[in-house]
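The values are calculated or read from the model by the stated rules, or taken from the named source; none is laboratory data. What you see is a predicted model, and the numbers here were worked out from it, not measured in a lab. Ideal geometry is used to build each Cβ from the backbone, glycine not excepted, and the neighbour counts take in all protein chains shown.
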Ligand code: SIN
């Protein structure tokens with residue numbers, strides 16, 4: 001009788017401990033973390049987005065100790081092919097999962113455009129619950145593939161109490177990086193991500209989460225961007241400036257083909273070749289919006305008062321690909337360059 005009672009107590013404790021674990025949903029979108037090639041030494045030339053979410057989850061059984069895991073395949077692509085449609089699907093799916101009682105989300109994603117998806121979600125999700133993007137620099141078939149440890153870390157982060165309210169984050173190579181600050185700064189190395197402007201948020205060590213920094217910019221619930229009813233996003237493109245960049249042909253062609261706004265990857269603190277700039281000024285009188293970012297890795301751009309009066313918007317310290325994300329969302333709310341400038345200062 002005593003034995004049965006003890007067994008029942010142990011069973012009850014076991015069940016309640018299991019219930020106490022946070023519920024984490026892994027949403028898979030593809031990338032190198034799901035990449036495969038028939039050579040264990042190959043770290044290039046593989047196909048990204050091959051392995052499914054169930055295989056990714058089974059490859060790291062240790063995540064079951066951290067959380068109650070569920071998985072869903074949202075896409076299975078090389079992230080260089082990321083589309084607005086998948087961003088909108090992700091945002092909607094995450095809101096649905098949070099409403100259904102999920103405590104945190106891990107998104108497996110290609111590293112090439114991870115910072116853009118992270119920033120898009122950082123600006124559009126209306127929740128304090130943790131959302132963590134994770135990827136890998138080496139395919140799942142490689143010796144010393146980095147995906148499994150990165151996935152373990154991402155689940156540990158999403159399951160941690162400390163992650164609440166921090167905005168969308170990226171977990172790569174034991175680092176915690178904010179969606180706004182993170183930049184891919186190496187094309188092949190496993191230590192491919194850093195935050196050149198204001199530092200990483202912290203580290204994940206053996207499943208423990210340590211924060212040392214925080215972002216002061218507003219995010220998630222504190223932004224006005226609501227994509228829940230949107231099927232498309234305004235078309236915004238990026239143009240690079242360089243020596244001898246003078247024709248403006250690309251800017252004209254894009255505008256004539258439906259581009260609503262351009263981000264210019266300016267030189268230095270946001271300079272643009274004068275011939276290109278003259279074309280932009282002309283297009284701006286016809287309705288094109290132009291935000292100036294920089295092709296330099298860190299620092300903010302300096303747009304003169306005279307240029308601001310003409311309607312040029314400073315992308316502040318956002319790199320061109322992130323400035324594009326904010327500009328797209330800004331255009332869902334306003335066409336006024338002054339208001340758009342306020343968004344760039346705030347988010
Ligand atoms: C991709 O971005 O999908 C391919 C590259 C990577 O994941 O590292």
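Key figures
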{"item": "Residue 34 vs. criteria within 16 Å of the ligand (Cβ to nearest atom) and in the same structural domain as residue 130 (by the TED database)", "result": "yes"}
{"item": "Residues being assigned to a loop (DSSP other than H, G, I, E, B) and either more than 16 Å from the ligand (Cβ to nearest atom) or within 20 Å of residue 159 (Cβ to Cβ) (or both) - total across region 189-209", "result": "9"}
{"item": "Residue check for residue 117: within 16 Å of the ligand (Cβ to nearest atom), on the phi < 0 side of the Ramachandran plot, touching a helix residue (DSSP H, G or I) at 6+ places or on another chain (Cβ under 7 Å) and not in a strand (DSSP E or B)", "result": "yes"}
{"item": "From 243, 247, 267, 271, residue being buried (at least 16 other Cβ atoms within 10 Å of the Cβ) and assigned by the TED database to the domain that holds residue 329", "result": "267"}
{"item": "Selected residue (only one of 170, 155, 134 is under 14 Å from residue 23 (Cα atoms) and at pLDDT 95 or above)", "result": "155"}
{"item": "Selected residue (criterion: surrounded by the most Cβ atoms within 10 Å (Cβ to Cβ)) from residues of region 62-78 that are more than 16 Å from the ligand (Cβ to nearest atom) and part of a loop (DSSP other than H, G, I, E, B)", "result": "67"}
{"item": "Residue that is farthest from the ligand (Cβ to nearest atom) [pool: residues in region 79-106 that are under 24 Å from residue 187 (Cα atoms) and surrounded by fewer than 16 Cβ atoms within 10 Å (Cβ to Cβ)]", "result": "83"}
{"item": "Condition met for residue 109 (within 16 Å of the ligand (Cβ to nearest atom), assigned by the TED database to the domain that holds residue 44 and within 22 Å of residue 329 (Cα to Cα))", "result": "yes"}
